[in-house]
Amino acid sequence: MLFLLFQIGNDRYALEASHAVEVIPLLALKNIPHAPRGVAGIFNYRGQPVTALDLCELTLGRPACERLSTRIIVVRYSREPNPPPTPDPRPSTLLGIIAEHATEMMRRDERDFVDSGVKVGSAPYLGPVLMDDKGAIQLLHAEHLLADGVRELLFAGTPGA
């Protein structure tokens, strides 16, 4: 399986590449006043407004550093809670995920990721880990990035894609 690698602060993460629609350079965002924590703004993606979520802001409380390697990973995001693991026929929309050092890919078996033994109830998007010569890489489940209230707030009235 192919994974996109990126960082949140100094820690490395992986996202299944099949979840990514496209990886684009960091763009200027339109600020959304009073947006929930982690919502960086919206951007124009092929004529469509897309919400951008800043992983550093969401997890570390600071915005992602603006580097050449900071990217927006455009993913198809289910607007309903608890999407099934199979191809989802339920309504979805695009979501931009701002991630630092999002320039590498890795091919590994999904079974190489193992339970870390630490469960963080407030971060259901954090999955199992894989150890390599540089340390740990944690799998990120993009479908669980937004809390239910934030999902409802951001995607209220959004038509299915």
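The values are calculated or read from the model by the stated rules, or taken from the named source; none is laboratory data. Worth saying up front: this structure is predicted, and the values here are computed from it rather than measured. With ideal geometry, Cβ positions are generated from the backbone for all residues, glycine too; neighbour counts draw on all protein chains shown.
Restricting attention to segment 92-150, the residues that are under 19 Å from His19 (Cα atoms), assigned to a loop (DSSP other than H, G, I, E, B) and at pLDDT 90 or above total 3. Taken together, the residues in segment 125-135 that are surrounded by fewer than 14 Cβ atoms within 10 Å (Cβ to Cβ) and free of Cβ contacts under 8 Å to residues at least 60 places away in the same chain amount to 3. Of the numbered conditions (1) at pLDDT 95 or above; (2) surrounded by fewer than 15 Cβ atoms within 10 Å (Cβ to Cβ), Asn31 fails exactly one; give the number of that condition. Condition (1) is where Asn31 drops out.
So which residues in segment 42-72 are hydrophobic (A, V, I, L, M, F, W, C), outside any loop (DSSP other than H, G, I, E, B) and touching a strand residue (DSSP E or B) at 6+ places or on another chain (Cβ under 7 Å)? Passing the criteria: Ile42, Phe43, Val50, Ala52, Leu53, Leu55, Cys56, Leu60, Ile72.
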